[in-house]
1. Report the Cα centroid-to-centroid distance between segment 104-178 and segment 258-332 in angstrom, as an integer.
2. How much mean residue ellipticity at 222 nm does the chain get from its helices, if each DSSP H run of length 4 or more adds -39500 (n - 2.57) and you divide by all residues, to the nearest 500 deg cm²/dmol?
3. Give the shape of segment 295-374 as rounded, prolate or oblate, defined through the alpha-carbon gyration tensor: a ≥ b ≥ c are the square roots of its eigenvalues, a/c under 1.5 means rounded, and otherwise the shape is prolate if a/b is larger than b/c and oblate if not.
4. Given a cut-off of 12 Å, what percent of all Cα-Cα pairs of segment 147-203 lie beyond it?
5. Calculate, in nm to one decimal, what L125 and R208 gain on full extension: separation in residues at 0.36 nm each, minus their alpha carbon distance.
6. Size of the dipole of segment 184-371 about the Cα centre, Lys and Arg at +1 and Asp and Glu at -1 on the beta carbon, nothing else charged, in debye to 20?
7. Treating the beta-carbon of each Lys and Arg as +1 and of each Asp and Glu as -1, no other charges, what is the dipole magnitude of the chain about its Cα centre, to the nearest 20 debye?
8. Using a Förster distance of 41 Å, how high is the FRET efficiency between F163 and A372, based on the Cβ-Cβ distance and rounded to 0.05?
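Only the coordinates and a few stated rules stand behind these numbers; no lab work does. Because the structure is predicted, anything quoted here is derived from the model rather than measured. Virtual Cβ from ideal backbone geometry, glycine too; neighbours counted across all protein chains shown.
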Amino acid sequence: MSGGALRIVPVSLPGRAYDIVIGRGALAGAGARIAALGSVRQAAIVTDAHVGPLHAAALEAELGAAGIRTTRVTVQAGEGSKSYAKFAEVCDALIAARIERKDVVVALGGGVVGDLAGFAAASLLRGVRLVQAPTSLLAQVDSSVGGKTGINSPHGKNLVGAFHQPSLVLADTALIDTLPARERKAGYAEVVKYGLINDAPFFEWCERHGGAVMAGGPELDEAVAASCAAKAGVVTRDEREDGERALLNLGHTFAHAIERIVAYDNARMVHGEAVSIGLALAFRFSQRLGLCPGQDATRVSAHLAAMGMPTRLSDVPGGAGTPEALLEAMAQDKKVAAGKLTFILARGIGQSFIARDVPPDEAKAFLRAEMAGE
């Protein structure tokens, strides 16, 4: 497993196929790659106040050299920008810039920017082209691929949105070098997730090479490429989460509830940290239900902890609320059907499955035990 040349992972959706370009320097050819989409006169770069000053000027220069005019739209960094107000603000800025259907919206940032800009692109003129240029590890391996876009509601996370596939994804792994250590570790939770879902050998690879991934060596490119290939395969088979794609939510029922409890305050908990706790909880809940061997649940928590990630509700700064509050948050999850909770559980590492109609009393007893440290 080695880095170096750019890697191309295709997403082979009929009529909406696109490439994920992965590696150090992937943004260096952004102008030519975006121009190759055809008929692009203008690009609106949506970014945030942290990422924009670091990377937007270089991207604008690339696009300008390809003859593409640019406009920049900047939002505040953080989950708070995935709101109705910011969505309206971005849409109005795109309209003011006279973005047309054949033009492109470029999402330059992490998952928040990708979700917000993607939803704006899906809505503007009933759909303009989108290019994802993810700058965080979490966005590169997960949120930039697959077409899910959206914003949060006071009632829960990602409850308002649309499926809108990008025309291109440019995952420049050199940008990970500029991330704070906390953000890099948080993104790693989404890498591990792919091994836990259905690829035990990849989880074993993570156990051996997680440190090198975090250090930004060639293993980082390999981890991003493997994660994107796994997600691309799932998305191709189940674009709109009618079945298998729900497995990608492993750990997320717990994670989204935790995020709601902390009011999406990134100072307390960022998404990847909540996912790390959620992954550990999903395996311990599976163990409690007699589905998963205890040693597998222990391995999952041990690896995440070894990488400096949180694994318990007691790791949530300021507390994770009550079992009742967490269950209420879960009741607003997108996977709820006919008012019944749905979890992604596991029979072991690499053996995840969709569990519908999990008894709320079982979930509440589990959360109570977790909060008691049992």
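1. Comparing the Cα centres of segment 104-178 and segment 258-332, I get a distance of 25 Å.
2. -13000 deg cm²/dmol
3. Working: a/c = 1.97, a/b = 1.21, b/c = 1.63.
In terms of gyration-tensor shape, oblate.
4. It works out to 78 percent of all Cα pairs.
5. Full extension of this stretch gives 25.1 nm more.
6. Computed charge dipole of segment 184-371: roughly 240 debye.
7. On the way: 38 positive and 39 negative charges, 134 e Å.
My answer is approximately 640 debye.
8. The value I calculate is 0.50.
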